[in-house]
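Asker: The following block contains the structure, expressed as structure tokens.
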Amino acid sequence: MLLLGLAIAGHADTKAVVFSGGLHSAEPASWGAGTIEIDEEETYLEGEALRVETTGFFEGGRLLLTQPLEADTFLADPAGGYIRLVVKINEPEPATPEIPAGGMIPGEGLFPLGPDGMPMPVDPGMMPLEPGMVGPPGAMPPGGGPPMDIPPEMMEPGMLEPGMMEPGMMMPGMGVPGVGMGVGPASAPPPKIAQLRVLLVTDKGAIDSGPIVLADFAEIVEDWVQVVVPLSAFAGVVDVGGAEIQNIALFGDVEETFWVGELELGHEEQPLVADAGENVTTPVEKLTQFDAAPQPEGVRATYVWDFDDLDGIQEEGYGPETSWTFLTPGYYVVTLTVSSPDGKRVDRIDRIRVKVEE
């Protein structure tokens, strides 16, 4: 019987599958106010998916390993160790403008909305009044009294009686840029998870991935992103000799939902090498050379470069040696992704920063 989907290929290449279409010797549990559970309505490659409700980097879900893993297998040589996730992030509903209580026009009870969301017509003589408000001609102010506050003989020619509006005049809140027809300003855009955090909890303490920026990783299936993080990037426990990995905790950076289609821990005796070199300073509009470190002898790999992490284009250069011209001064993050052509090794990623000067 395979423990946690454990598979061994080659000499010391090890992979422990914790989730892939179903849980393997693991049980879902909460961490703080967060939750994790099988989602019967969401699938990944026709298999089940895990739904994680997180409220931030300190509350999410965890998977309790019913058969703990030997930490030495993955952490004795962190450079070869990795965790791989396939995740999907929830797209929050777009923000909608706020409508004041009582209707579209500011003032409680004024112009209430009908079933179609538009203001209902109101008889001018029946318009509700607020304390101190003067109504249209003939309307009685609160508490009785004359229908007009200003004697007609004191009104100048062309002067409107209280409560009347000239054609084209707008009531407060109507037609204001960004507001329109009395609808309040739109609320701030709803939050969306942009970063994940993973904890590997051992009986000697936990090691922490820190923020994992999802934009750094490519989409492999519609809406599903593959995230591979080397265990050498985790911080925390250093001496794991004889320790056991007991559970894996998952978090997002805001209060939202994400799904997990696959989760595995692994170790490769000869991992791919992703090394984009040192940070670069270069003049604007100058062709700039980029060179990646070579792979170990006999290891084949493909190289993909992204020269601007903000433009949404993830493939802008190919090969271990390439060049790029930056047309605008500023600071850029260049990402190198190294992959195995046969898919037998996990992708490795490296990033450098480029300063482009006038």
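Asker: Quick one: in the stretch 322-345, which of the residues that are loosely packed, with under 14 Cβ neighbours inside 10 Å and closer than 23 Å to Ile83 by Cα is nearest to the chain's Cα centre (by Cα)?
Answerer: Here the answer is Gly343.
Asker: Considering the stretch 200-213 alone, what residues qualify as being touching a residue at least 24 places away in the same chain (Cβ under 8 Å) and buried (at least 19 other Cβ atoms within 10 Å of the Cβ)?
Answerer: Result: Leu200, Val201, Thr202, Ile207, Ser209.
Asker: Within the stretch 300-321, work out how many residues are in a loop (DSSP other than H, G, I, E, B), modelled with pLDDT of 90 or more and at negative phi.
Answerer: 5
Asker: Sort through Phe251, Phe290, Phe258 and tell me the only one that's of a type outside the set (A, V, I, L, M), in a strand (DSSP E or B) and farther than 29 Å from Ala16 by Cβ.
Answerer: Selected residue: Phe290, the only one of Phe251, Phe290, Phe258 that is of a type outside the set (A, V, I, L, M), in a strand (DSSP E or B) and farther than 29 Å from Ala16 by Cβ.
Asker: Any residue in the stretch 31-52 that is farther than 21 Å from Gln246 by Cβ sitting within a Cβ distance under 6 Å of a residue that is among the basic types (Lys, Arg)? List the pairs, counting only those 6 or more apart or interchain.
Answerer: Asp39/Arg51
Asker: Continuing with this model, one more query. So, of the residues in the stretch 346-358 that are within 21 Å of Tyr82 (Cα to Cα) and buried (at least 18 other Cβ atoms within 10 Å of the Cβ), which turns out to be nearest to the chain's Cα centre (by Cα)?
Answerer: Once the filter is applied, the top-ranked residue is Ile349.
Asker: Right, something else. Could you check, for the stretch 224-239, whether at least one of its residues is at pLDDT 95 or above and farther than 30 Å from Glu91 by Cβ?
Answerer: No, the stretch 224-239 has no match at all.
Asker: Okay, moving on. Restricting attention to the stretch 296-341, which residues are of a type in the set (D, E, K, R) and without any contact (Cβ under 8 Å) to a residue 12 or more places away in the chain?
Answerer: Of everything in the stretch 296-341, those that are of a type in the set (D, E, K, R) and without any contact (Cβ under 8 Å) to a residue 12 or more places away in the chain turn out to be Glu297, Asp311, Glu315, Glu316.
Asker: Give just the number: which of (1) surrounded by 14 or more Cβ atoms within 10 Å (Cβ to Cβ); (2) in contact with a strand residue (DSSP E or B) (Cβ under 7 Å, 6 or more places away or on another chain) does Gly319 not satisfy?
Answerer: Of (1) surrounded by 14 or more Cβ atoms within 10 Å (Cβ to Cβ); (2) in contact with a strand residue (DSSP E or B) (Cβ under 7 Å, 6 or more places away or on another chain), only one is false for Gly319: (1).
Asker: When the residues of the stretch 256-279 are filtered to those that are under 30 Å from Asp77 (Cα atoms) and among the β-branched types (Val, Ile, Thr), which remaining residue is modelled with the highest pLDDT?
Answerer: For the stretch 256-279, the residue satisfying everything is Val260.
Asker: Identify the single condition in (1) in contact with a strand residue (DSSP E or B) (Cβ under 9 Å, 6 or more places away or on another chain); (2) assigned to a loop (DSSP other than H, G, I, E, B) that Asp239 does not satisfy, given that it satisfies every other one.
Answerer: (1)
The values are calculated or read from the model by the stated rules, or taken from the named source; none is laboratory data. These numbers were taken from a predicted model, which means no experiment stands behind them. Because the Cβ atoms are built from the backbone with ideal geometry, glycine has one as well, and the counts that use them run over all protein chains shown.
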